[in-house]
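S.K.: First the structure, which I've put down as structure tokens, then a few questions once you've had a look.
The values are calculated or read from the model by the stated rules, or taken from the named source; none is laboratory data. Because the structure is predicted, anything quoted here is derived from the model rather than measured. When we count neighbours, we look across all protein chains shown, and the Cβ atoms used for this are built from the backbone with ideal geometry, even at glycine. Quick note on the areas: whole protein, heavy atoms, side chains included, nothing else; ligands and nucleic acids left out. Shrake-Rupley method; radii C 1.70, N 1.55, O 1.52, S 1.80 Å.
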Amino acid sequence: MIIAWVLSVLVLCSSLIAYLERMTALEMISVHTMLESQKEFINAEKALSECEQYLSNIAVLENNPCYIKFVGKNLWLLSTKQKPQLEVLVALDGDSGTATRLNWRQVFE
């Protein structure tokens, strides 16, 4: 009877260790995925900021990282080419050449 009890405790402990190993592996994968997606998001935001900065003189950008669309009344729609795709609506002041963000959104397919 004692041998059966000891064996059952050992089996429970080994299954607990296997479960903890799987949970640790999944947590490591989720943290890595989150860090990579944050890096991609920051890169997309930097690309939008660069397009926004040079919107009045877009010819300065050698490799344009954004799609630029004129919407009307000094309004421009900027969206990134890479994933994740971000989109901003920008009002461009014609006199000073400064761009002001009106709204922001993430584009999902």
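S.K.: Just subtract the alpha-carbon distance of T98 and K46 from 0.36 nm times their residue separation and send over the number in nm, one decimal.
M.R.: 17.0 nm
S.K.: Under the Cβ-under-4.7 Å rule, which cysteines of the chain stay unpaired?
M.R.: When partners are defined as cysteine Cβ atoms under 4.7 Å apart, the chain leaves C13 without one.
S.K.: Same structure again: Distance from the Cα centre of the range 78-95 to that of the range 1-64, in angstrom?
M.R.: Measuring centre to centre over Cα atoms gives 28 Å.
S.K.: Only Cα pairs under 8 Å and at least 6 apart count here; give the relative contact order of the range 25-109 as a rounded whole percent.
M.R.: Rounded, it is 22 percent for the range 25-109.
S.K.: Helix 2-53 versus the longest principal axis of the chain: what angle, 0 to 90°, nearest 10, using Cα atoms?
M.R.: Result, in degrees: 10.
S.K.: Tell me, what is the 1.4 Å probe accessible area of E40, in Å² to the nearest 10?
M.R.: We get 90 Å² for E40.
S.K.: Also, quick follow-up: Just going by the charge dipole of the chain, with Lys and Arg at +1 and Asp and Glu at -1 on Cβ, which of S79, L48, I3 is farthest out on the positive end?
M.R.: Of the candidates, I3 comes out farthest on the positive side.
S.K.: Placing +1 at every Lys and Arg Cβ and -1 at every Asp and Glu Cβ, with all other atoms neutral, what dipole size does the chain have around its Cα centre, in debye to the nearest 20?
M.R.: I would put it at about 220 debye.
S.K.: Right, next: Straight-line reach from K46: which aspartates and glutamates fall under 18 Å, measuring Cα to Cα and dropping same-chain residues less than 8 apart?
M.R.: E36, E62, E87
S.K.: How large, in percent, is the carbon and sulfur part of the accessible surface of the chain at a probe radius of 1.4 Å?
M.R.: Ligands and nucleic acids excluded, carbon and sulfur reach 63 percent.
S.K.: Here is a further query. Lysines within cross-link reach of K39: Cα-Cα under 20 Å, excluding same-chain residues under 8 positions apart?
M.R.: Hits, sequence-local ones excluded: K81, K83.
S.K.: Sorted by accessible area with a 1.4 angstrom probe, largest first, how do V9, V71 fall?
M.R.: Final ranking, largest accessible area leading: V71, V9.
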